[in-house]
Amino acid sequence: MKWILLLWAIGPGDTYREFSDGRAIPVEQLAGALRAENAAGETSLSLLRSKKTEGPVRVFYGASIVGPKAGIQRPRSGATLRENPVIRFEAEGDGELWAYFERLGSAWHRVDPTWDTTWVPDQRKKSMKLQLRVRDKDGLWTATRYVEALSLERKKESVKVFQAGTPGAGALVGATAAAWLVGEEIIRVPISALGAAPVEGAALLVRFKR
């Protein structure tokens, strides 16, 4: 959970390094740094140099530090995606794909190059975006520009999310499949076996025929 706030700090063009403990950062790796962030928010570079910051830290660099090159080739901004699209990208290093869409107040999720959208709730048109983050062999990360204004097209199907408890039978008319969302884990459950949530705070995702 400590990394959640840090994830929000990453924007297009950001170049950064991740450290599991601020006290262990080699001072020479702060050369060219603009700012640093930990789970509590921004922390000063002077504290990092004095080894007084504990816990995970991301150090962001200016233009003097050149990160690995990368980009998403497909889809392009404004595209309409069918379910389970293949995302094509090039990267000088190890790439991570992140999708931004609304789900229970959370708007980012790491995805695979073949993005399984089975349980992505229906989204507003042109409300989704993708970003590629790449790490080179020296541990330097780069975040690419967003691919924006994406739409997820579903024909004859819909996915709804129920944020509290189990909906009544009337709300499940036309349902074809269901799964509990526990944190980021998806737990399939037969519609006929729906009962109480497996853990407090779990949400219910349901696929419907339109």
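Tabulated data for the structure shown
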item: Some residue of region 114-128 being of a type in the set (A, V, I, L, M, F, W, C) and touching a residue at least 60 places away in the same chain (Cβ under 8 Å); result: yes
item: Some residue of region 25-34 being loosely packed, with under 15 Cβ neighbours inside 10 Å and under 30 Å from LEU150 (Cβ atoms); result: no
item: Residues of region 182-210 that turn out to be loosely packed, with under 11 Cβ neighbours inside 10 Å and within 18 Å of GLY170 (Cα to Cα), as a count; result: 7
item: Output for region 8-35, where each listed residue is in a helix (DSSP H, G or I), farther than 20 Å from TRP108 by Cβ and not aliphatic (A, V, I, L, M); result: GLY22, ARG23, GLU28, GLN29
item: Identity of the residue in region 36-89, in contact with a Pro (Cβ under 7 Å, 6 or more places away or on another chain) and assigned to a strand (DSSP E or B), that ends up modelled with the lowest pLDDT; result: ASN38
item: Filter pass, GLY183 being more than 22 Å from ARG110 (Cβ to Cβ), out of contact with any His (no Cβ under 8 Å at 6 or more places or on another chain) and not hydrophobic (A, V, I, L, M, F, W, C); result: no
item: Residue in region 100-115 that is touching a helix residue (DSSP H, G or I) at 6+ places or on another chain (Cβ under 9 Å), assigned to a strand (DSSP E or B) and surrounded by 14 or more Cβ atoms within 10 Å (Cβ to Cβ) present; result: no
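The values are calculated or read from the model by the stated rules, or taken from the named source; none is laboratory data. Quick caveat: nothing in here was measured; it's all calculated off a predicted structure. Here the Cβ is made from the backbone with ideal geometry for all residues, glycine too, and neighbour counts use every protein chain on show.
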